[in-house]
1. Tell me which of these R211 doesn't satisfy, since it passes every other one: (1) in contact with a strand residue (DSSP E or B) (Cβ under 7 Å, 6 or more places away or on another chain); (2) part of a loop (DSSP other than H, G, I, E, B).
2. Can you tell me how many residues within segment 214-230 are part of a loop (DSSP other than H, G, I, E, B) and more than 21 Å from W262 (Cα to Cα)?
3. From the list L65, L82, L99, L75, pick out the single residue that is under 19 Å from M266 (Cβ atoms) and either of a type in the set (A, V, I, L, M, F, W, C) or not assigned by the TED database to the domain that holds P218 (or both).
4. Restricting to segment 111-125, name every residue that is in contact (Cβ under 8 Å) with a residue 24 or more places away in the chain and either assigned to a helix (DSSP H, G or I) or more than 15 Å from M265 (Cβ to Cβ) (or both).
5. So for segment 267-274 (the condition being among the hydrophobic types (A, V, I, L, M, F, W, C), in the same structural domain as H124 (by the TED database) and open to solvent by 30 Å² or more (accessible area, probe 1.4 Å)), does at least one residue qualify?
6. How about segment 103-128: which of its residues are among the hydrophobic types (A, V, I, L, M, F, W, C) and at pLDDT 90 or above?
7. Given the conditions (1) more than 26 Å from T100 (Cα to Cα); (2) at pLDDT 90 or above; (3) open to solvent by 40 Å² or more (accessible area, probe 1.4 Å), report the number of the one that T210 does not fulfil.
8. Name the residue that is nearest to L6 (Cα to Cα), counting only residues in segment 103-141 that are open to solvent by less than 20 Å² (accessible area, probe 1.4 Å) and of a type in the set (V, I, T).
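The values are calculated or read from the model by the stated rules, or taken from the named source; none is laboratory data. The shown structure was predicted, so the numbers you read here are calculated from the model rather than taken from an experiment. FYI the Cβ positions are ideal-geometry reconstructions off the backbone, even for glycines, and counts take in every protein chain you see. The protein model used for the area step is the full one, side chains on, heavy atoms only, and it has no ligands, DNA or RNA in it. Shrake-Rupley method; radii C 1.70, N 1.55, O 1.52, S 1.80 Å.
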Amino acid sequence: MTLDDLQLLLDVVNRGSFSKAAAVRGWSQPMVSQRIAVLEHALGQPLFRRHRRGATPTAACEQFLPAVSSALAALEAGQLALQGTPLLPRIRLSCLPSLTTVVFGPLLLELVDESFEIRCSTDHSGIIMQELLTGETDVGFILKCPAIAGIQLELLYRSPIIAVACATHPLAGRQGLTLQDIANERLAPQQWGTGCDELLIQLRLLRQVTRPLHAIQPASAARELALEHGFITLMPALAIARDLEFGRLVQLDVTDLPPDHWDVMMAWRSGKRPNREKERVIEAARMLASHWAGK
C-alpha cells in the first residue's frame, strides 16, 4: 500500500468510476482496478461496489476515508515544513462555477486577515459533496441536492430566476412584456435546472423565427452574452447582482415568466472536534447571505 494508492482511492470516490479516475492520470482502466484490488487485499475489505455506471464506495471504504485524508494531509504538511513554509492551518473551500464571483471574492475579502490559509476550487455540486465526505473539502457552496449522512446542509439564499438584458437593449425599460415579446429575440438562458428546459419548450412554441435557443453554463458565459452581445438571458438574480446594482444589466418586466429560483446551499462535514477555521468561514458565509437578503 502506497500513499499514491490512497490518492487513487480518493480519485475513484470523487469521480464515481475507475475509468474516470484512470483518465485523469493517463492510465488504463485495468491499471486502476489492479491498484484498488491491492488496497482491498491489504485491508481485507471490499472498497467499492462495481456496477455498469461506475463504482460506489462500500461502508468499509467510507469508514477508511477520514484516515486516508489525514495521511495525505500529513504528507503535504511535512513537505511544506521542509520548504520552510509556515505551517498555518488551512481551510479548503469548493464552489459551483456559477457561484464563484458572488461567493469566493467577498468571502476572501472578509477572511483575508485571519490566521489561516484558504484554498479555493470549483466543481459540480455532486463532486463537492463527495469531497466533503472524503475530507478534501472543508466547506462547499452548492445548489440544492439530496442530503448525505454526515454532511450538514444550510440554505443560504433563494435567488429568483429573472430575464435580463443590457441597458441599451430595445426591450430594456418596457413594461408589461410577455414571453411572446422576447421569444424571437436572441436568447441564451443560463442552464439553472429543469425549469430552464421547460421554459425553452414554451419559448420554442412561441418562436416565429428559425434561430437556435441556447442554454449555457456557467453564469459568467450567460452574463457576457447579455452584456456584450445583445442577448436576453434568464438567470438567477444573485449571479448578476452587481451588474443590476450598477445598471450594466437591467431586469426585463416579463409578466408571464414562470416563477423559479436557485437554492444556494452551504455544506460541511460535522465533526466531533471543534474547528475554529471552519466555524469562521461558516460565520462569514452567513453574514454574506444576510447581505444578499438586504438585512
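1. Looking at each condition in turn, R211 falls short on (1).
2. 1
3. L99
4. L111, E114, S115, F116, E117, I118, R119, C120, S121, T122, S125
5. yes
6. Within segment 103-128, V103, F104, L107, L108, L109, L111, I118, C120, I128 qualify.
7. (2)
8. Top of the filtered list is T134.
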